[in-house]
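The values are calculated or read from the model by the stated rules, or taken from the named source; none is laboratory data. Computed from a prediction, not measured in an experiment: that's the story for all the values here. FYI the Cβ positions are ideal-geometry reconstructions off the backbone, even for glycines, and counts take in every protein chain you see. Accessible surface areas use protein heavy atoms only, side chains included; no ligands, DNA or RNA. Shrake-Rupley method; radii C 1.70, N 1.55, O 1.52, S 1.80 Å.
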Amino acid sequence: MNSNFDIIIVGGGAAGFFTAINIVEKNPALKVAILERGKTVLEKVRISGGGRCNVTHACFVPNDLVKFYPRGEKELRGPFHQFCSGDTIDWFEKHGVELKIEEDGRMFPTSDSSQTIIDCFLLATQKLGIQVLTGQSVQSIFNSDSYWKVETNHETFACQKLIMTTGSNPKIWDMLIHLGHTIVPPVPSLFTFNIKDARIKDLMGVSAFANVKVKGSKLEAAGPLLITHWGMSGPGILRLSAWGARELFDKNYQFILEVNWLNDVSFEEAMDKLKELKQLHAKKAVSKKSPFELPNRLWESLVLATDIDSERKWADLSKKQLTDLANQLTNGEFQVNGKSTFKEEFVTAGGIDLKEINFKTMESKFHENLYFAGEIVNIDAITGGFNFQNAWTSGFIIAQSIT
């Protein structure tokens, strides 16, 4: 059986639905279908943000927004000038979904339920007559002179324009390689570090604002660091993992992490402060109370790691002990052995090489009428609503350029 459409979108996720809705709203006469291989659509939307759907981030300046993308920073600058976070908020409001900003800048539907977003998309596709066909696993894509042919496990489709929004799908990537595209091999992007170390052994749940570096490389990040029962997590670590996705993969996730628990305080500054404390608190026990903005339990653990016993008074510290303590505070070295997945955020770095896409239209530079949106391309961001923003922006640009 042959089914003819003006436009076929392969992939029933966030990017696929957003693109389809925007196309038909601008051009109601077009016959559009979304093909999804699974039984259900919008699955990733359902579980994102712990089931609340982190729709976007309250960063409204394109040049600032691009800084959250380890891959795609340069390419997204133009697109974000066309459709940014503010436009996302307007779009959802016009479609009956109100968003709210949380303290950390993440934005969610006021209902706190991802179902609100799913219902919004399903209602719009229904109203606009967009066909959503599930259980359609694409087997091959063929380009003839005037149309695209898409074969699934059930039938053959033909269309004028083909839009791929299949995320990190190796089978689809293989088909695109046959069409001449280059795929940057996928590696995990957001992950936490596995560390077994006496200094953090019993500190699960303790958090500090720290600066973290991968020893012997240029990789560095700052942010809240959370100690977990398997090692270290938190925004600072996730940021480092995103920017270092390739490099840390090449190191097989075995490396030394340098932690400055005092964030931007230098070794010399820490040393001066410790000498001052030695004078001021001569009679007090060193380990009892943290003199820095550090949780007491972490301070106590770092003091003990410096071979200063728990009753030792400030006055009794030797120069070596002061030096060692300043080192522990500003340049603690931790051996990382492997990684763990961060919650349900399965973000990968990798996908279609960015040089092969025209970012004014999101069209393939090799094939006319072939477009890409969302995570199928080699763009990824840190956690916080940024990956969705890339999906909305690329979908909007496709809709603009098609109509």
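All conditions in (1) part of a strand (DSSP E or B); (2) closer than 21 Å to Glu258 by Cβ hold for Phe292, with the sole exception of (1).
Just one of (1) open to solvent by less than 10 Å² (accessible area, probe 1.4 Å); (2) under 21 Å from the mean Cα position of the chain (by Cα) fails for Ile200. It is (2). State the number of residues belonging to the stretch 319-344 that are open to solvent by less than 50 Å² (accessible area, probe 1.4 Å) and either modelled with pLDDT under 95 or outside any helix (DSSP H, G or I) (or both). Final tally of qualifying residues: 6. Picking from residues in the stretch 288-304 that are under 14 Å from Gln321 (Cα atoms) and open to solvent by less than 40 Å² (accessible area, probe 1.4 Å), the one that is farthest from the chain's Cα centre (by Cα) is Val303.
Can you say whether Met271 is part of a helix (DSSP H, G or I), over 25 Å from the mean Cα position of the chain (by Cα), over 21 Å from Gly332 (Cβ atoms) and among the hydrophobic types (A, V, I, L, M, F, W, C), as far as the supplied structure shows? The answer is no for Met271. Going by what's in this entry, would Pro235 be described as of a type outside the set (D, E, K, R), closer than 23 Å to Lys201 by Cα and at pLDDT below 95? Spelling it out, Pro235 is indeed of a type outside the set (D, E, K, R), closer than 23 Å to Lys201 by Cα and at pLDDT below 95. Would the stretch 147-160 turn up any residue that is free of Cβ contacts under 8 Å to residues at least 24 places away in the same chain and hydroxyl-bearing (Ser, Thr, Tyr)? Yes, the stretch 147-160 contains a residue that is free of Cβ contacts under 8 Å to residues at least 24 places away in the same chain and hydroxyl-bearing (Ser, Thr, Tyr). Please list, ordered by first then second residue, the pairs with beta carbon atoms under 8 Å, 6 or more apart or interchain, first in the stretch 317-335 and over 16 Å from Lys215 (Cα atoms), second open to solvent by less than 30 Å² (accessible area, probe 1.4 Å) and β-branched (Val, Ile, Thr). Matching pairs, first to second residue: Leu317/Val286; Leu317/Ile308; Gln321/Thr306; Gln321/Ile308; Asp324/Thr306; Leu325/Val303; Leu325/Thr306; Leu325/Ile308.
The residues of the stretch 151-177 that are among the polar types (S, T, N, Q) and buried (at least 21 other Cβ atoms within 10 Å of the Cβ), listed by number, are Thr165, Thr166. Is the stretch 13-26 home to any residue that is small (Gly, Ala, Ser), outside any helix (DSSP H, G or I) and at negative phi? Yes - at least one qualifying residue is present in the stretch 13-26. Going by the structure shown, is Leu262 open to solvent by less than 40 Å² (accessible area, probe 1.4 Å), at pLDDT 95 or above, among the hydrophobic types (A, V, I, L, M, F, W, C) and in a helix (DSSP H, G or I)? No. Within the stretch 134-186, the set of residues being at pLDDT 95 or above, in a loop (DSSP other than H, G, I, E, B) and in contact with a Phe, Trp or Tyr (Cβ under 9 Å, 6 or more places away or on another chain) comprises Gln136, Thr165, Thr166, Leu179, Gly180, His181. Ala349 fulfils the conditions (1) open to solvent by less than 50 Å² (accessible area, probe 1.4 Å); (2) assigned to a loop (DSSP other than H, G, I, E, B); (3) under 30 Å from Phe386 (Cβ atoms); (4) not charged (D, E, K, R) except for a single criterion, (2).
Residues that are closer than 18 Å to Asp380 by Cβ and among the aliphatic types (A, V, I, L, M) were ranked within the stretch 178-195; the one that is surrounded by the most Cβ atoms within 10 Å (Cβ to Cβ) is Leu190. Looking at the stretch 227-242, can you tell me whether even one residue there is within 30 Å of Asp316 (Cα to Cα) and open to solvent by 60 Å² or more (accessible area, probe 1.4 Å)? No - not one qualifying residue is present in the stretch 227-242. Scanning the stretch 203-223 for residues that are assigned to a loop (DSSP other than H, G, I, E, B) and either in contact (Cβ under 8 Å) with a residue 40 or more places away in the chain or open to solvent by 50 Å² or more (accessible area, probe 1.4 Å) (or both) yields Leu203, Met204, Gly205, Val206, Lys215, Gly216, Lys218.
Might you let me know whether the stretch 381-401 holds any residue that is surrounded by 23 or more Cβ atoms within 10 Å (Cβ to Cβ) and either without any contact (Cβ under 8 Å) to a residue 60 or more places away in the chain or touching a Cys at 6+ places or on another chain (Cβ under 7 Å) (or both)? Yes: one or more hits.
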